[in-house]
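There's a structure below that I have some questions on.
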Amino acid sequence: MSVTPPPPPVAADHEPWVGHESSLSGRYVTVVVAALSTIMLSLVAFILPVPYATLEPGPVFDTLGEFNGEPMLAVQDGVQTYPTDGALDFTTVSVTSPSGRVSFTEALAAWFNSDVKLVPKDFLYPEGETVEQSDARSAAQLASSKDNSTVAALRALGYDVPEQVAVAEVLKDGASADVLEAGDVITSVNGTAVSTPQQAIDVVATATPGDQVSLVVSRDGVSQELAVTTKAAEDDPDVPRIGVSLTPTFDLPIQIDNNVGDSVGGPSAGTMFALAIYDLLTPGSLTGGQRIAGTGEITPEGQVGAIGGVRQKMAGAHADGAEIFLVPAENCAEAADGDDFGMTLVKITTLDDAISSLETLADDPDAKVPSCS
C-alpha cells in the first residue's frame, strides 16, 4: 500500500498573494491620495489671489466732445472759439484696485493676452494704501493735469501765464495755524518776491527757528501783510518751518472749465487736454478730420512725460477707431514692441511737437513726422 506523503510545507515567502494584494492596495490608495491632493492644490492655486495687478484697455474720451452730457472743455463767455472736427481722444487703463484680487487663473489668462499687462501690485500702490487714499491721489493728479494742460495750451498760444505760490494746506498746530489759510497766494517773503514754491522755501530757509517772517498774501483778491513765527522742523532743530504745504498756481488770462468727473483719474490725459484747448482757440482743424488718440503727462512748460500702460491705451484707441496715436518719446520703445494696430505712432516730447506733427498730418496724412517705428 502506498502512502502519499503530505505536501511539503510552503515557506511564507512562497505564499505571497495575500501580502502582495495588500501592498498593491496600499500603493493604489497612495496614488489616489496624491492625485486628489494635486487636484485640490491646483484648485486652491487657481482660486487664491496672487500679489499682482492687471492693466487692461479702458474707455477713451473725446476731449473735443462731451463728458456726462456737458462739454468736456468749456471756454469762458466772450472768448472767440472755432469749430472743430475729427476727435482728440484721451485714453485710459482699467487697473485692479488696491482692494482687488487677481486669482491665479486671471493672472495666467493675462499672461497670454497681449492686450493685458500683469505687474506686481506694489508697483502700482504703496504698501498699505487704501482705496480711499488711492482715489484721493488719483484725483489730485487729475486736478494737476487739468491745470497744467490749460497753462501749457495758453502759453503755446502766446498768452502770458504767470506762476504763483499757493497754500495747499495749513498744518494743524504748525507755525501758520490761525494765520494762513488754504488758497492764500503768497507773493513775497521777507520783502523778496516769489513766484514758485521753491523760491518761497528758499527764502524761509534763511531764517532761524523762532524768527518771524513777513509774508505778503493775496486772499480772495485782497492783498495783506502777515507775520509768521517759524518753528523748528521735527527732524532738524536748525531748519525753520512755517507749517504749510505749498503748490504752484497760475494767474489765467482765460478761464477754461474742464468737466471731466471723478470717474477718471491720474495725470496722463494732460497732453490731449492741452491739444483740445489749442484746437478750440485757433482757426482750422488740428485733426484734419481724423480720429486721433494719445496720452502723456504734461508740465506747465509743455514738456510731455512718460506714462504707464501705453500698450493697453493703444489697444483701447484702436478699438475706438483711432488712426493716429501720440506717444511720449520715453514710451516709444514699449509702444513699438508689438502690434501698432495699423495706427501711425507719432513721437512727441513737447506740446509744440504734437501741434506741429498734427498740423503736418492734417495737410498731408502721408507726410513724414517723428515716429516711434
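Please go through the range 298-312 and pick out each residue that is buried (at least 22 other Cβ atoms within 10 Å of the Cβ), not in a helix (DSSP H, G or I) and not aliphatic (A, V, I, L, M).
Once the filter is applied, which keeps residues that are buried (at least 22 other Cβ atoms within 10 Å of the Cβ), not in a helix (DSSP H, G or I) and not aliphatic (A, V, I, L, M), the range 298-312 yields Gly302, Gly309.
Would you mind stating whether Asn148 is in contact with a Ser or Thr (Cβ under 7 Å, 6 or more places away or on another chain) and among the polar types (S, T, N, Q)? I'd like the intermediate steps shown before the answer.
Details: in contact with a Ser or Thr (Cβ under 7 Å, 6 or more places away or on another chain): yes; among the polar types (S, T, N, Q): yes.
Judged against the criteria, Asn148 is a match.
Which members of the range 146-169 meet the condition of being open to solvent by 40 Å² or more (accessible area, probe 1.4 Å) and either touching a Lys or Arg at 6+ places or on another chain (Cβ under 8 Å) or under 15 Å from Leu246 (Cα atoms) (or both)?
Matches in the range 146-169: Glu163, Gln164, Ala168, Glu169.
If you don't mind, another one. Residues Ala322, Ala329, Ala276, Ala317: which one is open to solvent by less than 30 Å² (accessible area, probe 1.4 Å), in contact with an Asp or Glu (Cβ under 9 Å, 6 or more places away or on another chain) and more than 22 Å from Ser94 (Cβ to Cβ)?
Numbers: Ala322 fails: more than 22 Å from Ser94 (Cβ to Cβ); Ala329 fails: open to solvent by less than 30 Å² (accessible area, probe 1.4 Å); Ala317 fails: more than 22 Å from Ser94 (Cβ to Cβ).
Result: Ala276 is the single residue among Ala322, Ala329, Ala276, Ala317 that is open to solvent by less than 30 Å² (accessible area, probe 1.4 Å), in contact with an Asp or Glu (Cβ under 9 Å, 6 or more places away or on another chain) and more than 22 Å from Ser94 (Cβ to Cβ).
Here is a follow-up. Go through (1) assigned to a loop (DSSP other than H, G, I, E, B); (2) touching a Gly at 6+ places or on another chain (Cβ under 8 Å) one by one and return the number of the condition Thr282 breaks.
Here Thr282 clears every test but (2).
May I pose another question? Where the second residue is of a type in the set (Asp, Glu) and open to solvent by 10 Å² or more (accessible area, probe 1.4 Å) and the first is under 20 Å from Tyr125 (Cβ atoms) and in contact (Cβ under 8 Å) with a residue 40 or more places away in the chain and lies in the range 302-321, which pairs have Cβ atoms under 7 Å and are six or more apart or on separate chains?
Final answer for the pair search is Ile307/Glu297; Gln312/Glu56; Gln312/Asp115.
Regarding Thr81, is this residue assigned to a strand (DSSP E or B) and not aliphatic (A, V, I, L, M)?
Working: assigned to a strand (DSSP E or B): no; not aliphatic (A, V, I, L, M): yes.
It is false that Thr81 is assigned to a strand (DSSP E or B) and not aliphatic (A, V, I, L, M).
Among the strands (runs of 3 or more DSSP E) contained in the range 155-274, which hold 1 or more residues that are farther than 30 Å from Ala306 by Cβ?
Counting at least 1 such residues, we get 163-170, 185-189, 212-219, 222-229, 231-233, 236-241, 244-250.
Collect the residues in the range 84-121 that are assigned to a loop (DSSP other than H, G, I, E, B) and open to solvent by 40 Å² or more (accessible area, probe 1.4 Å), keeping them in residue-number order. Before you say what the answer is, go through the steps one by one.
Taking the range 84-121 as the starting set, the residues that turn out to be assigned to a loop (DSSP other than H, G, I, E, B) are 84-86, 96-101, 112-116.
Matches in the range 84-121: Thr84, Asp85, Ser97, Ser99, Arg101, Phe112, Asn113, Ser114, Asp115.
Hey, another quick one. Checking the structure you have, find out if any residue of the range 67-80 is modelled with pLDDT under 80 and either within 27 Å of Asp320 (Cα to Cα) or open to solvent by 60 Å² or more (accessible area, probe 1.4 Å) (or both). Working first, answer last.
Kept after step one, since they are modelled with pLDDT under 80, are these residues of the range 67-80: none.
Within the range 67-80, none of the residues are modelled with pLDDT under 80 and either within 27 Å of Asp320 (Cα to Cα) or open to solvent by 60 Å² or more (accessible area, probe 1.4 Å) (or both).
Go over the candidates Thr271, Thr295, Thr230 one by one and state the one that is open to solvent by less than 10 Å² (accessible area, probe 1.4 Å) and farther than 19 Å from Val327 by Cβ. Steps first, answer last, please.
Details: Thr271 fails: farther than 19 Å from Val327 by Cβ; Thr295 fails: farther than 19 Å from Val327 by Cβ.
Result of the check over Thr271, Thr295, Thr230: Thr230.
Just the residues that are open to solvent by 50 Å² or more (accessible area, probe 1.4 Å) and either under 13 Å from Asp184 (Cβ atoms) or touching a helix residue (DSSP H, G or I) at 6+ places or on another chain (Cβ under 6 Å) (or both), please, taken from the range 201-227.
Passing the criteria: Asp220, Gly221, Val222, Ser223, Gln224, Glu225.
Yes or no: the range 230-237 includes at least one residue that is touching an Asp or Glu at 6+ places or on another chain (Cβ under 6 Å) and touching a residue at least 60 places away in the same chain (Cβ under 8 Å).
Initially, the range 230-237 is screened for residues touching an Asp or Glu at 6+ places or on another chain (Cβ under 6 Å), giving 230.
After this cut, where a residue has to be touching a residue at least 60 places away in the same chain (Cβ under 8 Å) as well, the list is none.
Within the range 230-237, not a single residue is touching an Asp or Glu at 6+ places or on another chain (Cβ under 6 Å) and touching a residue at least 60 places away in the same chain (Cβ under 8 Å).
Restrict the check to the range 291-313 and report whether at least one residue is modelled with pLDDT of 95 or more, more than 21 Å from the chain's Cα centre (by Cα) and not aromatic (Phe, Trp, Tyr).
yes
Within the range 349-371, count every residue that is over 22 Å from Phe273 (Cβ atoms) and either open to solvent by 60 Å² or more (accessible area, probe 1.4 Å) or in contact with an Asp or Glu (Cβ under 8 Å, 6 or more places away or on another chain) (or both). Walk me through it before giving the result.
Applying the first criterion (over 22 Å from Phe273 (Cβ atoms)) to the range 349-371 yields 363-368, 371.
Checking which are either open to solvent by 60 Å² or more (accessible area, probe 1.4 Å) or in contact with an Asp or Glu (Cβ under 8 Å, 6 or more places away or on another chain) (or both) leaves us with 363-366, 368.
Residues meeting the conditions: 5.
The values are calculated or read from the model by the stated rules, or taken from the named source; none is laboratory data. Just so it is clear, the structure is predicted and the values come from calculations on it, not from any experiment. Backbone-built Cβ (ideal geometry, glycine too); neighbour counts: all protein chains shown. With ligands, DNA and RNA removed, areas are computed over all heavy atoms of the protein, side chains included. Shrake-Rupley method; radii C 1.70, N 1.55, O 1.52, S 1.80 Å.
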